[in-house]
1. Testing H87 on (1) modelled with pLDDT of 95 or more; (2) closer than 30 Å to G283 by Cβ; (3) part of a helix (DSSP H, G or I); (4) in contact with a Leu (Cβ under 9 Å, 6 or more places away or on another chain), one condition comes back false. Which one is that?
2. Would you be able to tell me the number of residues in the stretch 320-347 that are aromatic (F, W, Y) and over 12 Å from the mean Cα position of the chain (by Cα)?
3. Given the options E21, E42, name the one that is charged (D, E, K, R) and part of a strand (DSSP E or B).
4. For residues that are over 20 Å from V138 (Cβ atoms) and either under 22 Å from the mean Cα position of the chain (by Cα) or at pLDDT below 95 (or both), scanning just the stretch 348-384, find the one that is surrounded by the most Cβ atoms within 10 Å (Cβ to Cβ).
5. Within the stretch 244-257, is there a residue that is charged (D, E, K, R), in a helix (DSSP H, G or I), farther than 25 Å from S319 by Cα and in contact with an Asp or Glu (Cβ under 8 Å, 6 or more places away or on another chain)?
6. Within the stretch 295-347, work out how many residues are under 18 Å from V396 (Cα atoms) and at pLDDT below 95.
7. Is the stretch 261-281 home to any residue that is under 28 Å from D76 (Cα atoms), touching a helix residue (DSSP H, G or I) at 6+ places or on another chain (Cβ under 6 Å), in a loop (DSSP other than H, G, I, E, B) and at pLDDT below 95?
8. Can you find a residue that is aromatic (F, W, Y) and outside the structural domain of V275 (by TED's automatic domain parsing) anywhere in the stretch 95-118?
Amino acid sequence: MELLIKNVTAVTMDPQNPVVENCFIGIDQGKICWLSEKEPEEKAGRVVDGQGCAAMPGLVNAHTHLPMTLLRGYADDYALQEWLQDHIFPAEGRLDARCVQAGMMLGLAESIRFGTTSVTEMYFKMPAMAEVCFQAGVKANLCNGAMCFDPASYDFHKAGETLEMEEMLKSWHMVDEGRIRLDVGIHGEYTSCPAVWEQNAAYAQKHGLNIHLHLSETKKEQEECIARWGKTPARILADHGVFESRVTAAHGVWITEEDMDLLAEKKATVAHNPVSNLKLASGVAPAARMAEKGVNVALGTDGVASNNSHDLFEEIKLSALLQKGIQGDPRLVPAQQALSWATRGGAFAQGREKECGMLQKGMDADLILVDLSGVATQPVHSPVSALCYSATGREVILTMVRGRILYEKGEFKTIDVERAMAEMKNYALPRMTGRQV
């Protein structure tokens, strides 16, 4: 046994064994090999004392744009369309692969620090992102959201995102036993056209890939789609074959009851992004109702340009509070469910439900230790409540993926943060703002 965590409260997310007090968690060859109140007889190469801590599955960020870390605070307090068209898209147009890697590295460092072990990422320069994710040790599902504003000129085979997917399939997809994976990206109904939907959906089917897209984020998007096609975004995309693969649909703020039934039938995921949706005044997704109807719900931060933080614990707490407040029912989205959205829900969205999302013997050792001994979390009457309502990412003291420690008590094991900061300041920001180096 390589590592043993002792004296820890395990919040497993396993319905058959949800909380184990005074637990011993053994890790060997990247897997959880022991989880019990009893101490294993086998000696471990290293023992970590988890006294005062909770161990839980690593968090899964089911919708993010990590390279947009470069744009944190760049254009706050705008409506979505103005924010995108007038501020974000022009700045992004100046980013090269080196800039993307700088933003990705900083975003991953923050994510790992706050307990995220796997990300579902949509951005351009996928091979550059894959290299950073591989080095950082995280799990990642990567895509580039296909867009097309001139349907007459669209050529799937020559499109930049298609060329990137081809390179990803050759060089990165399923590398390290599937730690890095390619998804097919469709930015959204309002930024593309039927040829984009159909050909990318067919590509996903051909190669057995998941699809990641934006869906019904704003009222304007929803209403204009209905005016354009006579159907909601979910329905028109379904009619063009998009939901025949496993789909993660980000946002879903304005989806209808019929949309929810469709997504449940297709076993799709809605990645709920409560902080970003509030900041952009997009609204509040009916996440509790989605889950009630059988839609898989996961949590995402979106990009920090529309959130300003990669702390998924903020999303966990807010996802529970918003549903209670909006519906006037404090029983909605109990703490256990909100935590499940950030772990099991995200693992299912990524197609990783058999490898992570729970602490269970035989599963990958993707776990975090959260220190609950401080003044902000004491007393701990319920570790599940403490993790949902009291803890933040700053209480995370250890993050590991497949038994490899990526962060521990202030030390990043896989990321040179000083170098990443220097790349951001000296190269990426000058280029992004037009003061090229």
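1. Condition (1) is where H87 drops out.
2. Keep residues of the stretch 320-347 that are aromatic (F, W, Y), which gives 341.
Keeping just the survivors that are over 12 Å from the mean Cα position of the chain (by Cα) gives none.
The qualifying residues number 0.
3. Numbers: E42 fails: part of a strand (DSSP E or B).
Testing whether each residue is charged (D, E, K, R) and part of a strand (DSSP E or B) leaves just E21.
4. Applying the filter and picking the extreme gives V384.
5. Going through the stretch 244-257, the residues charged (D, E, K, R) turn out to be 244, 246, 257.
Okay, now just the ones that are also in a helix (DSSP H, G or I), so 244, 257.
After this cut, where a residue has to be farther than 25 Å from S319 by Cα as well, the list is 244.
Filter once more, so that each one left must be in contact with an Asp or Glu (Cβ under 8 Å, 6 or more places away or on another chain): none.
No: zero hits.
6. Number satisfying all stated conditions: 0.
7. Yes, the stretch 261-281 contains at least one residue that is under 28 Å from D76 (Cα atoms), touching a helix residue (DSSP H, G or I) at 6+ places or on another chain (Cβ under 6 Å), in a loop (DSSP other than H, G, I, E, B) and at pLDDT below 95.
8. Restricting attention to the stretch 95-118, the residues satisfying the condition of being aromatic (F, W, Y) are 114.
Now restrict to residues that are outside the structural domain of V275 (by TED's automatic domain parsing): none.
Within the stretch 95-118, none of the residues are aromatic (F, W, Y) and outside the structural domain of V275 (by TED's automatic domain parsing).
The values are calculated or read from the model by the stated rules, or taken from the named source; none is laboratory data. Quick caveat, the model's predicted, so the values are computed rather than measured. We place every Cβ from the backbone using ideal geometry, glycine too, and count neighbours over all the protein chains shown.
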